[in-house]
Amino acid sequence: MYDEILLPTDGSSGTVDALEHAITVASDQDARIHVLYVVDRRLYMAASDENKDEVRQSLNEEAERALDDASMRIEDEGIECHTESREGIPHKTITEYAAEADIDLVVMGTHGKTGPERVANLGSTTERVVQSADLPVLVVDIE
């Protein structure tokens, strides 16, 4: 059912839960996991001119660390893994990548907000991917 699974990561410790779910699904389905880190260009574009390059370099270094950590964990389970870092607006880049790579399932984390707190956070990357993706999105509650 799922041959290609996409795990977007931001390098945070919270993505570990989503990673573990992706590994479980991939193991059950004999699927490959694509790990995508989106360097949010809005972050370095908002920096002052003299700091843009430094901010961009820092974000790229974080991307490399996050991708290495995830791929090591995935490959330790004997699962095929593809990693990629792209620049862009996270939710748009995630859905574009999913279409380009023929992804069957996206696995993402969220902080599990409910009620008024959820309404206030509708702008989250996960929420936007859920709203715009043309494929299943497994949302993992990370706390």
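The values are calculated or read from the model by the stated rules, or taken from the named source; none is laboratory data. Quantities reported herein were computed from a predicted structural model and do not represent experimental measurements. Note: ideal-geometry Cβ built from the backbone for every residue, glycine included; neighbour counts use all protein chains shown.
Selection within region 105-143: residues that are closer than 18 Å to H21 by Cα and assigned to a loop (DSSP other than H, G, I, E, B). The member of this set that is modelled with the lowest pLDDT is G112.
Of the listed requirements (1) under 27 Å from D104 (Cα atoms); (2) out of contact with any helix residue (DSSP H, G or I) (no Cβ under 8 Å at 6 or more places or on another chain), H34 misses just one: (2). I need the full set of residues from region 35-59 which are in contact (Cβ under 8 Å) with a residue 24 or more places away in the chain and over 13 Å from R73 (Cα atoms), in order please. L36, Y37, V38, V39, D40, R41, R42 - these are the residues of region 35-59 that are in contact (Cβ under 8 Å) with a residue 24 or more places away in the chain and over 13 Å from R73 (Cα atoms).
Could you please find all residues in region 68-89 being in a helix (DSSP H, G or I) and either surrounded by fewer than 20 Cβ atoms within 10 Å (Cβ to Cβ) or modelled with pLDDT under 95 (or both)? Before the answer, list the steps.
Let us first name the residues in region 68-89 that are in a helix (DSSP H, G or I), namely 68-76.
Hits for region 68-89 are D68, D69, S71, M72, R73, E75, D76.
Here D102 clears all of (1) modelled with pLDDT of 95 or more; (2) on the phi < 0 side of the Ramachandran plot; (3) out of contact with any helix residue (DSSP H, G or I) (no Cβ under 9 Å at 6 or more places or on another chain) except the condition numbered (2).
Output the qualifying pairs, or none if there are none: Cβ atoms under 7 angstrom, residues six or more apart or on different chains, first residue in region 84-112 and free of Cβ contacts under 8 Å to residues at least 40 places away in the same chain, second residue surrounded by 15 or more Cβ atoms within 10 Å (Cβ to Cβ) and of a type in the set (G, A, S). Qualifying pairs under 7 Å: T95/A133; T110/S124. Of all residues being within 16 Å of M72 (Cα to Cα) and of a type in the set (G, A, S) in region 13-30, which is farthest from the chain's Cα centre (by Cα)? Just the residue, please. Looking at residues that are within 16 Å of M72 (Cα to Cα) and of a type in the set (G, A, S), I get S27.
Cβ-Cβ contacts under 8 Å between residues 6 or more apart (or on different chains), taken from a first residue in region 10-21 that is farther than 11 Å from A66 by Cα to a second residue that is in a helix (DSSP H, G or I), are listed as L19/A70; L19/R73; L19/I74.
Scan region 4-45 for residues that are among the β-branched types (V, I, T) and in a strand (DSSP E or B) and jot them down. Show your work before the answer.
Taking region 4-45 first, the residues among the β-branched types (V, I, T) are 5, 9, 15-16, 23-25, 33, 35, 38-39.
Hits for region 4-45 are I5, T9, I33, V35, V38, V39.
Determine which member of the set T95, T83 is over 14 Å from T9 (Cβ atoms) and under 12 Å from the mean Cα position of the chain (by Cα). Explain how you work it out, then say what you get.
Numbers: T83 fails: over 14 Å from T9 (Cβ atoms).
On inspection, the qualifying residue turns out to be T95.
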